[in-house]
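Working notes for the structure below.
The values are calculated or read from the model by the stated rules, or taken from the named source; none is laboratory data. Values in this document were obtained by computation on a predicted structure and should not be read as measured data. Backbone-built Cβ (ideal geometry, glycine too); neighbour counts: all protein chains shown.
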Amino acid sequence: MHKITLIPGDGIGPEITKSIREIIEAAGVEVNWEIVNAGAGVMDEYGTPLPEVVLDSIKKNKVALKGPITTPVGSGFRSVNVAIRQKLDLYVNLRPARILKGAPTKFENLDVVIFRENTEGLYVGIEHNVGDDAAESIKIITRKASERIVRAAFEYAKKNNRKKVTAVHKANILKLSDGLFKSVAEEVSKSYPEIEFDNKIVDNMCMQLVQYPENYDVLVMPNLYGDIVSDLCAGLIGGLGLTPGANLNDELAVFEAVHGSAPDIAGKNKANPIALLLSACMMLRHLDEEVAATNIEEAVEEILAEGEVLTGDLGGSATTTQLTAEIIAKVKAKEEKIA
Ligand code: NAI
């Protein structure tokens, strides 16, 4: 029995986390979920959108599955999603983007893994007004944070038989901050002579991913570029409904999809649970539940290839409940075959 922290989140979060719990149960993995929540919905009770009880639960259980949490735009509290990463020093944001068989995309051959630095860059949120007509935001890049994210990318490449790591930056313009990131990446790459290394300026990287995706493998980059390039890759593989992710450090792991709380479809039984489900498969592997993870992923690929039970974002008209039921039926059929 695994004890896992579950943060349902808000918007489509409660619907999709419910679906994921049902599918994991159907896959035969026993989980004792410790449910805690964050965001606007807990402000009245705790006086903060990120209560200590959430951070304590993750620290205790070491593994969490997290639904999306809405961030007010412009004013109001800062992102709870970013705060969880910073407070727990989850320095790796790991976001694989692979075109699954049958996924609704006209692109081919994308199979990259993004390592986004998760604790600094522009996301430190240091901003101030300069008089009435200007504002300044400060971007922080340190040797320590750059080195550990680049090392994590190389270690991942080594362990997963990936051939190449590309460091992504804008060091031609941001000569000091991105210049430091680039030079640290070059230094770290020397410890991994068996893995090819190159670097790309972020705007060129975006074009290259669209035109020549087969040339790229593991990508490592500062926080903001990682955020943007992961949505670009989500678009290339068939949408945010298919893109999983994880926030990691050497001790803790918080699994969450790349997408947000999708307020436009929240509560309508329209959300696609697959992105969070694929994040949950990464979690199952992290917990050595390889068979369950593979069964679920295969079920998802079969459903995409059949193209009959798909949610609106994938070009179908199925509800979250119908897609969940279809995944469960396929997962159960696989288990019966094994038994
Ligand atoms: P979003 O990812 O929530 O939605 C963008 C578009 O994709 C919308 O049209 C939405 O309906 C669609 N979409 C996203 N996930 C989907 C799914 N699973 N199934 C079907 N369609 C899906 O991005 P948006 O609108 O920029 O952000 C909404 C809120 O989410 C904001 O408050 C934002 O700050 C927050 N957010 C939270 C994140 C997190 O919890 N880690 C990550 C990104 C955004």
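From the list 219, 276, the lone residue that is farther than 13 Å from residue 96 by Cβ and surrounded by 22 or more Cβ atoms within 10 Å (Cβ to Cβ) is 276.
If you go through region 265-309 and keep only what is touching a residue at least 24 places away in the same chain (Cβ under 8 Å), part of a loop (DSSP other than H, G, I, E, B) and within 13 Å of the ligand (Cβ to nearest atom), you end up with 265, 266, 267, 269, 270, 271, 272, 273. Would a scan of region 58-81 turn up a residue that is away from the ligand (no atom under 16 Å from the Cβ) and either of a type in the set (A, V, I, L, M, F, W, C) or in contact with a Lys or Arg (Cβ under 7 Å, 6 or more places away or on another chain) (or both)? Yes: region 58-81 contains one or more residues that are away from the ligand (no atom under 16 Å from the Cβ) and either of a type in the set (A, V, I, L, M, F, W, C) or in contact with a Lys or Arg (Cβ under 7 Å, 6 or more places away or on another chain) (or both). A residue that is out of contact with any strand residue (DSSP E or B) (no Cβ under 6 Å at 6 or more places or on another chain) and more than 25 Å from residue 311 (Cα to Cα) cannot be found anywhere in region 92-112. Taking region 317-339 as the range and being at pLDDT 95 or above and more than 18 Å from residue 22 (Cα to Cα) as the test, only 317 passes.
Screening 66, 101, 62, 106 for residues that are modelled with pLDDT of 95 or more, farther than 18 Å from residue 230 by Cβ and out of contact with any Ser or Thr (no Cβ under 7 Å at 6 or more places or on another chain) leaves exactly one candidate, 62.
Scan 325, 318 and give me the residue that is assigned to a loop (DSSP other than H, G, I, E, B) and hydrophobic (A, V, I, L, M, F, W, C).
The conditions single out 318.
Beta carbons closer than 6 Å, at least 6 apart along the sequence or on distinct chains, pair a first residue in region 170-184 that is in contact (Cβ under 8 Å) with a residue 24 or more places away in the chain with a second that is hydroxyl-bearing (Ser, Thr, Tyr) for 181/146; 184/146. Listed by position, the strands (runs of 3 or more DSSP E) enclosed by region 34-134 that each have at least 2 residues that are over 21 Å from the mean Cα position of the chain (by Cα) are 121-129. Of everything listed in (1) at pLDDT 95 or above; (2) within 13 Å of the ligand (Cβ to nearest atom), the single unmet condition for residue 25 is (2).
Which residue is surrounded by the fewest Cβ atoms within 10 Å (Cβ to Cβ), if the candidates are limited to region 28-45 and must be within 14 Å of the ligand (Cβ to nearest atom) and under 18 Å from residue 61 (Cα atoms)?
37
Of all residues in region 117-162, those satisfying the criterion of being polar (S, T, N, Q) and within 21 Å of residue 88 (Cα to Cα) are 118, 119, 142, 146.
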